[in-house]
């Protein structure tokens, strides 16, 4: 689908724009879930980092390896997903092939879910986490470079 105008780019008739909105929504929900998952893991392990939280259980602040693993997975999302949304938006503005754009959005989203799964839910030895991370990283880099070259001044 050749998209020529800004109105066409941001139309709900544009399958690339709809895919962008869909996958960004899934990624937002995933990050929201990670907040709840981190809190639930803290509660189940009774590992509270803040004095006011641990005081409720008459405990001292403490850390737990599983809580930290979940927290780091969430932090990794917070470091990578916002950058993807910006790069994907710029990429969307280039009027890319619908098939390629939708495939890239899907692959990034699947890679982020896989990253969390092998990092925080069912710990799998490396290189599983690294592969999931670099798939998403490469996709974001591709879209950012494509956008930079397209809009080069």
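All of the numbers you see were taken from the coordinates with simple rules; none came from a lab. Predicted, not measured: the structure shown is a model, and the values here were computed from it. Here the Cβ positions follow ideal geometry from the backbone for every residue, glycine too, while neighbour counts run over all protein chains shown.
Just a few scattered comments:
- For segment 43-73, the tally of residues that are part of a helix (DSSP H, G or I) and surrounded by 19 or more Cβ atoms within 10 Å (Cβ to Cβ) stands at 4.
- Identity of the residue in segment 94-104, touching a residue at least 12 places away in the same chain (Cβ under 8 Å) and under 20 Å from residue 137 (Cα atoms), that ends up surrounded by the most Cβ atoms within 10 Å (Cβ to Cβ): 104
- Residue match in segment 124-131 (condition: out of contact with any helix residue (DSSP H, G or I) (no Cβ under 8 Å at 6 or more places or on another chain), part of a loop (DSSP other than H, G, I, E, B), at positive phi and surrounded by fewer than 16 Cβ atoms within 10 Å (Cβ to Cβ)): no
- Boolean, residue 21 is assigned to a helix (DSSP H, G or I) and buried (at least 16 other Cβ atoms within 10 Å of the Cβ): no
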